[in-house]
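*Asks:* Encoded as structure tokens, here's the structure I'll be asking about.
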Amino acid sequence: MLESTAAKQDQGLGLALSSFLSQQREAVLGEWTARLSGPPRALLQDVAQALYERLSERALHPGSPPESSGELPGPLLERLAEACDSGDLLAHLSQLRALLLRRLEEAGGPLPQDAAALRLGAAFDAELVALQGRFGRARARLGGALEAVVRAGAAPAGPREGLMALVRTLTEGTATVDWAAVHAVRESGVLATVAGAGGVGQLPGAFARQALQERRALEGAGAGCAALPVGTRMQLALPLVQQGQVLGVLQVGSRSAPALPSGVRRLVELAAEASGGLLARLALAERLARQAERAPDDARGDAGRGERGPPADRRGLDARGGAPAGGVAPDASGMHGGSALPGAGAQSGATGAGTGRAEPEDSLRRQQQLLLGLLVNAAPVALWAVDPQGTVLLSEGQALARIGLEPGEAVGRSAFEFARGKPTAQAALRRALQGGSGAYESSQDGRTHFTRYQPVRAPDGTLEQVVLVSVDITERRRAQEDAALLRMLVEQSSDGVIVVDRQGVLRICNQQAERQLGRAVRPLPAARWPEAYDILTPEGERAPLKDFALYRALKGESVRDARCRVRHPDGSVHTLVSDASPIRHPDGSLAGAVLTCRDETEREGLEAGLRESEERFRAVFEGAAIGIAITDMDGCFLRTNPALQRLLGYSDAELRSLRLKDMSTAQDLATERPLFQQLRTGQRETYQVERRYVAKGGEVGWCRLTVSLGHGSDARPRFIIGLVEDLAPHRRAEELERAAEFRERFMGILGHDLRNPLNAIALSGQRLLQQPLPAPQARSVHRITHSAERMGRMVSDLLDFARARLGSGLPIVRRWVDLGELARNAVDELCAAHPDCHAELRTEGDTWGWWDADRMAQVLSNLLGNARQYRAPGTGITLQLRGEGAEVRMAVSNQGGPIPPDLLPHLFDPFRRGSEGPGHAPAHGHNLGLGLFIVKQVVEAHGGSIEVRSSAEEGTAFLVRWPRNPPSHAH
């Protein structure tokens, strides 16, 4: 029962985890992918997709092995093995694991967090370990295939066997290549398949013939390639060229990948090089065989002429024409040991002429032995023949000298004598004498030899002898190691490297070059380079072929720092700087060209940003309103801006010959010394003081100095930055502000203190007027009373001015008021006081509002009085009121001379009075110039606005906008 419950719980947890993974798939993979960068990004996405599928499977079946949900595709692993190492792969996938566990923790819900996190983490770790193993095997597999191609190229068993080994290596040693074939060019010009593996595509078709005709590599993939065999996604055909002669075609295909990974492609190219050499050897062997077939006819001709034996003058000489070593004379082939070779039996020399088949057979043997002798002595090999007891029957070849032997010197001695101290060679010799065949490598005195051994049996099957062919492969191995080192150097270069042959066909291209070009580099004709790689001029136009650095190098020119732009498939444009040089043979003829390029897009952007930053700094430095100085640590001026130069009266050149202390007083220097010391020791980052400065003419002024240190790249202080602000304008402004404030306060106090005496004078005058007085005295009292009232108005204006400027503003007491009624009263008062002045009132709409009636009357009185005072003689005044929605508009206008334009901006300033002119009443002595100032303050206190329009044609009009501003409780 408990087991059943636990199983159900485990199954439920698996289902919940599988559901969680399905729901979070898009979000998790999207967030993880966004953090990736670089060319392996697409490959890592494919790996993550496959890994995610396997996690879902293992969430349901936690006990299943990591491989149970299927291997990753082999081509994917091969491309991944090229793109990144195992450490990078582990780091990227560990980020995916952490992201999944974080999402699981954030999801909450019914999932038991601890158990779910434990299972998910264990499943991910198991799959990660399995993937690491498969990743390592893919790398090892590719490396093993490379070694196998090198071994097959040596073809110790023969060229045809070597070709078969090459195509099998390509199909079995890589996951991407599914079939491969080598087609040889026959004398008739047709292609014939000599080796094939994988089944499909082994017969030469139009694709292989096209590559042969064009003498260049051809690659076809997708629906656009009509020559693709059934079931094949891509194919590649490489011409096999030896010493300028096309011998055949190597053709490979893939059923699973649209393109070969660069490492696999390089393996195929290496196999093509080896195949060309093997085809050359195969062609030679076939020619020798055809010559051997014609030998009987030649032998019959020799018999008729009595030429049965080798020429007498060649007997007794070795291959170099000297005496035979060890007392064994060479035969006609120049080989020591006579009939030791298979099929080369001893000659009796007494066979009758023209009897039986002995003479043709002897002639054939002589021809074969002669040809074999020529080959052995012309090639760097050693040929051995050993009888079943281990005695050397034959030892020939140039390679014997490499081990200190002369040709024929070893004949008659035990073969084990020459294998002493070489366990591998001894074991191989024992296997050979037991009838086995094989090959081995050995080293002696820094030389490496590859030896192939093969038993030769009699017709009855008994062992007749063992033939060993040893090849000194030291130079070849070194060349292979050098080539491998060169390839690693090219691949690991931070610059892109591209090498082409003299026809412009691609031979070498590293991954950095492909990254810089944004695409795989293909073997294309030079004419197609601009279009295929989307190369542009620095100005952004399509670059002509003649300007390509690599093309110019093919023409024999050495190019340095050639700039171009490349548009990547994603639309981004990169700047490349290239060097290109021709590659020449020792005789000076052109072999090809090499190009190295570096992507300077980022550097170009940084330089542009630096230039922009420098320009901004220069603009700020030169245009700053305050002085800026940069000095060294001793206070010598290094650079100053124009503001500081104007302040001190020196030019920049003059300041460079001075020091900061030359502009300072001794008192200020003593005050600043401890502050500067704290700055240098890091106790403070900056300091600011108000100090004096001494200008060029000796004039002393005050400034505000802010000092900070500038540091170099080593974080040590290198220079001093000083900001100098002239305090003279500030001090003058402060003095003016203090004087204005004192004046305003004084006038406020004065107005307040004058009100009581003026009230007493006015009341006394009114009482005197109520009494009967002689006419002269009555006129005097009337003047006293009128003057006291005028002074009272002036005092009221002073008090209003003081409240507006020094207090919290004019006091406003609002109530519902009819502006129209206030306007009629003001017009009536004006006409009563000045019968010669005609004033007209015009009202339209609702003129009620929430205002201060006394202040409104004050505005009306001031504006009407101002209009009367400055009207033209014989003209009137117009007062217009118009209710418009939430406000009432008022206009007071008159006809007269226009207000001067320079006075208009200051018309509402305090203590301003209109200038006298034709038709104007003199203003001097009648007011303080506060009337319009107070009008503006009252209007703004009500939330309104006032403006003036004045022209000779239309006269002068004061336009006032009065917001009604009804409060929420008005109704």
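*Asks:* Taking 0.36 nm per residue of separation and subtracting the Cα-Cα distance, what length does fully extending Ala695 through Thr601 add?
*Replies:* Net length gain for the segment: 28.9 nm.
*Asks:* Where the only charges are on Cβ atoms (+1 Lys, Arg; -1 Asp, Glu), what is the dipole of region 493-606 about its Cα centre, to the nearest 20 debye?
*Replies:* 340
*Asks:* Another question, if that's okay. If I compute solvent accessible area with a 1.4 Å probe over the protein chains, what percent of it on region 493-606 is carbon and sulfur?
*Replies:* Roughly 49 percent of what the probe reaches on region 493-606 is carbon or sulfur.
*Asks:* Based on the mean of other Cβ atoms within 10 Å per residue, sort peptides 933-944, 161-172 so the most packed one is first.
*Replies:* For the peptides 933-944, 161-172, the packing ranking is 161-172, 933-944.
*Asks:* Counting only heavy atoms of protein chains, what accessible area per residue, in Å², does region 635-728 have with a probe of 1.4 Å?
*Replies:* Here the per-residue accessible area is 57 Å².
*Asks:* Next question, about the same structure. For the residue pair Thr671 and Asp46, what label-to-label distance in nm results when each label sits 7 Å from Cα along the Cα-to-beta-carbon direction?
*Replies:* Distance between the two pseudo-spin positions: 7.6 nm.
*Asks:* Please list Phe416, Phe207 in order of solvent-accessible area, largest first, computed with a 1.4 Å probe with all protein chains present.
*Replies:* Phe416, Phe207
*Asks:* His711 accessible area, nearest 10 Å², 1.4 Å probe?
*Replies:* His711 has an accessible surface of roughly 110 Å² with all protein chains in place.
*Asks:* Let me ask something else. In terms of the Cα gyration tensor, with a ≥ b ≥ c the square roots of its eigenvalues, is region 518-563 rounded because a/c is under 1.5, prolate because a/b exceeds b/c, or oblate?
*Replies:* Oblate, because a/c is 1.5 or more while a/b does not exceed b/c.
*Asks:* With a 1.4 Å probe and all protein chains left in place, how much accessible area per residue does region 442-568 have, in Å²?
*Replies:* For region 442-568, the solvent-accessible area averages 54 Å² per residue.
*Asks:* Now for a separate question. Excluding Leu709 itself, calculate the net charge of residues whose Cβ lies under 15 Å from the Cβ of Leu709, where each Lys or Arg counts +1 and each Asp or Glu counts -1.
*Replies:* Value of the local net charge: -1.
*Asks:* Using packing as a proxy for protection, rank 648-659, 841-852 so that the peptide with the highest average count of other Cβ atoms within 10 Å comes first.
*Replies:* By packing density, highest mean first, the sequence is 841-852, 648-659.
*Asks:* Only four residue types carry charge here, +1 at the Cβ of Lys and Arg and -1 at the Cβ of Asp and Glu. Report the dipole size of region 411-488 about the Cα centre in Debye, rounded to the nearest 20.
*Replies:* In total the dipole reaches around 140 debye.
*Asks:* Would you mind getting me the FRET efficiency between Cys831 and Asp854? Use the beta-carbon distance for r and R0 = 30 Å, nearest 0.05.
*Replies:* 0.90
*Asks:* Same structure, new question: Please state, rounded to one decimal and in Å, the Kirkwood hydrodynamic radius that region 379-477 gives when every pair of distinct Cα atoms enters the mean of 1/r.
*Replies:* After inverting the pairwise mean of 1/r, the radius is 13.5 Å.
The values are calculated or read from the model by the stated rules, or taken from the named source; none is laboratory data. It should be emphasised that the depicted structure is a prediction, and the values quoted were computed from it without experimental measurement. A quick note on method: Cβ atoms are made from the backbone with ideal geometry, for glycine too, and the neighbour counts reach across all protein chains shown. Protein only, heavy atoms only, side chains kept; ligands, DNA and RNA dropped before computing areas. Shrake-Rupley method; radii C 1.70, N 1.55, O 1.52, S 1.80 Å.
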